[in-house]
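**Q** Okay, here's the structure, questions in a sec.
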Amino acid sequence: MGLTSETATTNVARLEGFKAALAAQFPGIEIVDVSIESATDAWRQPAASRSERQLVEPRWGGQDRQRARAASKCLEAPRGLTLSWSEDSMSSRSTTPNQRGGTHMAANSPTLLADVIGRHEQSILEDWVREQLTALSARQDLISEVDLRRQSSEFLAIFTAACRDGSLTDITVPAWRPSLDFLGDVSRGRAIQGFSPSETATFVFSLKQPIFARLRQESGADAASIADELWASTVLLDKLGLYTTEVFQQSREDVIRRQQAEMLELSTPVVEVWEGILALPLIGILDSARTQVAMENLLQSIVDLDSTIAIVDITGVPTVDTPVAQHLLKTASAARLMGAECIICGIRPQIAQTMVHLGVEFGDVVTKATMADALAHAFRQLGLTVTKHSPRN
Amino acid sequence: MKAAVSVSKTETLELRTDEDVVHVRRTVRSWMSEQSFSLVEQTKMVTAASELARNTVVNGLCGSAHLERLVEAGRDGLRVTFDDEGPGIADVDQAMRDGFTTGDGLGLGLGGAKRLVNEFAIWSELGKGTRVTITMWK
Amino acid sequence: MDQIPILKAGEFLLVSIQVDMHDRLAMRLQDDLTAQVVRTRAKGVLIDISALEIVDSFIGRILGNMASMTRVLGAEAVVVGMRPAVAITIVELGLSLTNIHTALNVDKGMELLRILVSPAVDEGRRERIED
């Protein structure tokens, strides 16, 4: 982090000093985890550390939370120190009974959120579905209201359970697994159906409004605590929303990869363009395995079709790197050993430059710019001439 | 963590004469076709085995080829280990480089064999002998 | 010890290797062939390896030697029928066999031999092949 031993000592000393001061001023508060970031980092990322704190703090009961907030403000004031609180110590505090009764929200957030949703599940579900339908109004063709309702209802149940059992900040804990799995399925399904990434993420994000509305309703007079709950909920839903987007991306990429593979399958057929002349048009990005298979097929076709000339057309290959070039050369050498000749054509100007740069030596392998040139060469080799008559009418 | 490799079949062949080299070729070929290796994979592995078997016969006094059918994490493989009690190789690195380029009829062909297979390992000690192991995975 | 048969067809010699040769057999073939080229004053030699499943560095060198020796004796040599898997392996091995004439099969090989040994009449075709 760029701390010299001098600064490190100073910071450590500062930390020790403040720990002591803290213990004196706020008895009963336990610091379980301290992370020291460089001054510039803390300056650059105050929001992150703040939100991290706010997510964790609400778990403290009433007075403890206020104390914790004050304590961390006090410790953060000198630049270069950020405190993160371990959740374990928090949960042990969460059983502190609430001093004020009535409609005041208990500050035990995991259960609070679950609590609120649990009590208003039906109305939240209604609002949520309505939000989604509004957002997806153009996509009624892709999903019916019935299915949407069912998906939403299912997720809400899973989500509520996770809020009850899991942390609100860390969605990698096992308690969130069912939610993530469900969202993953929804996301993958929507990717295949043809939804856009944001339409898919709307599933999660549109849940915010209904939940916020209920939280506001429940919070009563405690404005400060509602802010914390809202923040906690929004960060949680953001994480889940982003997760759906990631899964969406992944499944799109999988589809693309599958299509590419299929295209490459189609793109390596060997064509007999004339008696004794084969052509192999290569299309797409070539990886080593695929090139190898294509080349083996070509060599076998040379034997099967008794062809003395094989033209490999690389017009459809966007880049030719050294391994691919070497494969082409090896194939040409193998073909020669078998008694046939390989011509490589379709070499675009950029490819020609790349190959020269890479130092690829084609030796005595014939290379041509176009298939037409390659064919002309092939005919010459076979002693064939093309003559032109005046066209018949 | 590497998955466990299990051996499901083994056979050891003696290497003393020219004919033994042919026998090794045939046996490796038949094992590989049992395991449904592709034709090109078979040809490469058998060729490599032929090179190494010949080394043993030519170099050493006596040797052996030990075949093992492998299974690791769902994939099939074949490993052949060539042992000889010959004089050993003084400079393994140089031996790996020597080949047909030296011009004499008995180039070691080790470098070539290495290029043909998936895994290649060699141990040699002067006065003790040489062991070469080649492996091909499906 | 068995022997690989060498057949005479006009002014050409035909060798068809049908068995998986062990080294001594291969060396014997090399000796036999050179002796026969001299004895029959053959103009050309066709070596058919379409049945060979394995060509390792030793066998490869023997093939190369047979072709070179034939040429030194004033005759032409063509190797025919190399299998794709064998060709791929030889290239991977780095075996240098670039100085020999090759053809897909016996028919094409004979055609090539005729062109190679014939006088200037077909010089055009010969040039195309040579380059």
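Throughout, read-outs are computed from the coordinates displayed, never taken from laboratory work. Computed from a prediction, not measured in an experiment: that's the story for all the values here. A quick note on method: Cβ atoms are made from the backbone with ideal geometry, for glycine too, and the neighbour counts reach across all protein chains shown.
**Q** So how do A:Cys342, B:Cys62 line up by other beta-carbon neighbours within 10 Å, fewest first?
**A** Numbers: A:Cys342 25, B:Cys62 14.
In order of increasing Cβ crowding within 10 Å: B:Cys62, A:Cys342.
**Q** Label the range C:6-130 by shape, choosing from rounded, prolate and oblate, from the square roots a ≥ b ≥ c of the eigenvalues of the Cα gyration tensor; if a/c is under 1.5 it is rounded, and otherwise prolate applies when a/b is larger than b/c, oblate when it is not.
**A** oblate
**Q** Taking each residue in C:12-24, count the Cβ atoms of any other chain within 10 Å of its Cβ, then average. What number comes out?
**A** 3
**Q** Further question on the same structure: Given the options C:Ile47, C:Ile88, C:Ile62, which has the most mean-square fluctuation in a GNM of chain C, springs set between C-alpha atoms less than 10 angstrom apart?
**A** It is C:Ile88.
**Q** Here's a follow-up. Say the dipole of the range A:109-262 comes from +1 at the beta carbon of Lys and Arg and -1 at that of Asp and Glu; which of A:Val129, A:Gly166, A:Gln209 then lies farthest toward its positive end?
**A** It is A:Val129, whose Cα lies furthest towards the positive end.
**Q** Let me ask something additional. Using the beta-carbon distance between C:Asp32 and B:Ser36 and R0 = 22 Å, what value does 1/(1 + (r/R0)^6) give for FRET efficiency, to the nearest 0.05?
**A** Details: r = 39 Å, r/R0 = 1.76.
Rounded to the nearest 0.05, the efficiency is 0.05.
**Q** So if I average 1/r over every pair of distinct C-alpha atoms in chain B and take the inverse, what Kirkwood radius in Å does that give?
**A** Numbers: mean 1/r = 0.0662 Å⁻¹.
Result for chain B, one decimal place: 15.1 Å.
**Q** Percent relative contact order of chain B, based on C-alpha pairs within less than 8 angstrom and at least six residues apart? List each step's numbers first, then the result.
**A** Values: 280 pairs, mean separation 35.6, N = 138.
Reported relative contact order: 26 percent.
**Q** At a threshold of 8 angstrom on Cα-Cα distance, excluding pairs fewer than six apart, so keeping six or more, what relative contact order does chain C reach in percent?
**A** Details: 182 pairs, mean separation 29.7, N = 131.
Contact order relative to length: 23 percent.
**Q** What does the structure give for C:56-68 when I average, per residue, the other chain Cβ atoms found within 10 Å of the residue Cβ? Let's see the in-between values first.
**A** Details: counts 15, 13, 10, 3, 4, 6, 1, 0, 1, 1, 0, 0, 0.
Per residue, the average neighbour count from other chains is 4.
**Q** Follow-up question, since we're still on this one. Return the distance in nm (one decimal) between the two label points of a simple spin-label model at A:Ala289 and A:Ser144, each offset 7 Å from Cα along Cα→Cβ.
**A** 4.1
**Q** If you place +1 on the Cβ of every Lys and Arg, -1 on the Cβ of every Asp and Glu, and leave all else neutral, what size is the dipole of chain C about its Cα centre, to the nearest 20 Debye? Present the calculation step by step, with values, prior to reporting the outcome.
**A** On the way: 14 positive and 18 negative charges, 71 e Å.
Around 340 debye, computed over chain C.
**Q** For B:Arg54, A:Arg130, which order do you get if you count the other beta carbons within 10 Å of each Cβ and list the fewest first?
**A** With the fewest neighbours first, B:Arg54, A:Arg130 line up as A:Arg130, B:Arg54.
**Q** Would you look at the GNM of chain B, springs on alpha carbons closer than 10 Å, and say which of B:Gly77, B:Gly127, B:Gly109 moves the most?
**A** B:Gly127
**Q** Which links in A:Lys388/C:Lys108; B:Lys9/B:Lys44; A:Lys330/C:Lys8 stretch past 27 Å when you go from one Cα to the other? Walk me through the intermediate numbers first.
**A** Details: A:Lys388/C:Lys108 30 Å; B:Lys9/B:Lys44 21 Å; A:Lys330/C:Lys8 35 Å.
From A:Lys388/C:Lys108; B:Lys9/B:Lys44; A:Lys330/C:Lys8, over 27 Å: A:Lys388/C:Lys108; A:Lys330/C:Lys8.
**Q** Dipole of the range A:109-262, Cα-centred, from +1 at each Lys and Arg C-beta and -1 at each Asp and Glu C-beta, to the nearest 20 debye?
**A** 220
**Q** Can you give the FRET efficiency to the nearest 0.05 for B:Arg97 and B:Val71, using r as the Cβ-Cβ distance and R₀ = 25 Å?
**A** Working: r = 34 Å, r/R0 = 1.37.
Efficiency for this residue pair is about 0.15.
**Q** For the range C:2-46 and the range B:1-51, write down the distance between their C-alpha centroids in whole Å.
**A** Measuring centre to centre over Cα atoms gives 30 Å.
**Q** Which residue, A:Phe379, A:Val271, A:Leu328, has the largest displacement toward the positive end of the dipole of the range A:271-381 when charges sit on each Cβ (Lys, Arg +1; Asp, Glu -1)?
**A** The residue sitting farthest along the positive end of the dipole is A:Leu328.
**Q** Shifting gears a bit: Kindly provide the helix-only [θ] at 222 nm of chain B, computed as the sum of -39,500 (n - 2.57) over DSSP H runs of four or more divided by all residues, to the nearest 500 deg cm²/dmol? Write down the numbers at each step before the final one.
**A** Values: 4 runs with 51 residues, N = 138.
Calculated at 222 nm, the ellipticity per residue is -11500 deg cm²/dmol.
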